[in-house]
Amino acid sequence: ACAGGGVQRGRAATALQRAAARVQPLGAVRLRSSSAEEDMDPKIKDLVDQIASLSLLEAAQLTDALKERLGISDAMMMPAAGAVPAAGATPPPAAEEAAAPEKTAFSVKLEKFDPASKIKVIKEVRALTGLGLKEAKELVENAPKEIKADVKKEEAEELKEKLEAAGGTVVIE
């Protein structure tokens with residue numbers, strides 16, 4: 001039974017070697033030629049040629065080795081929104097990103113209103129909140145008051161526009 005297992009391992013290793021031999025080096029496929037390549041420093045050109053001749057496995061190993069040597073984390077390798085940072089650009093500090101997570105829920109607060117537009121503001125508050133006349137009137141008269149809480153930014157902006165058009169002063173928090 002042991003001899004059979006050794007034969008199977010030998011066959012698997014041979015199959016793996018044949019598959020590895022069929023893998024084309026990265027440089028075998030030439031995607032585009034560049035006129036800038038002619039102006040390139042010979043040392044850089046040789047380095048590019050060497051990297052382009054690597055197999056995919058070797059290129060992955062090179063990437064890992066460079067990330068380790070240069071202290072680059074995987075998070076730095078994935079630019080936000082598909083943007084590629086320019087060469088030499090410094091990534092934004094991670095501490096600032098963690099300190100200011102993007103806010104997704106907002107509150108719309110009526111700070112004050114123009115007394116001449118009080119009725120318009122009350123009508124708009126009723127329409128936006130579904131409150132009755134008495135409740136909407138109390139809410140407006142007791143400003144500053146929160147009109148709506150936990151709304152998306154787009155909805156908060158829309159509410160602000162409508163209330164300001166009616167004569168209110170509104171803040172989004």
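None of the figures in this text is laboratory data; all of them are computed from the coordinates on show. Since we're looking at a predicted model, the values are computed, not measured. Counting neighbours? That spans all protein chains shown, and the Cβs are built from the backbone with ideal geometry, glycine included.
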query = For the residue pair Thr129 and Glu102, what label-to-label distance in nm results when each label sits 7 Å from Cα along the Cα-to-beta-carbon direction?
reply = 3.0
ask   = For region 154-161, in order, what is each residue's ³J(HN,Hα) by Karplus, 6.51 cos²θ - 1.76 cosθ + 1.60 with θ = phi - 60°, in whole Hz (x at glycine and Pro)?
value = 4, 5, 4, 5, 5, 4, 4, 4
task = Would you calculate the separation in nanometres between label points at Leu66 and Glu141, each defined as 7 Å from the Cα along the Cα-to-beta-carbon direction?
result = 7.1
note = Spelling it out for Lys148: with amide H atoms placed in the peptide plane at 1.01 Å from N, the residues 5 or more places away or on another chain with amide H under 5 Å from its amide H are Val108
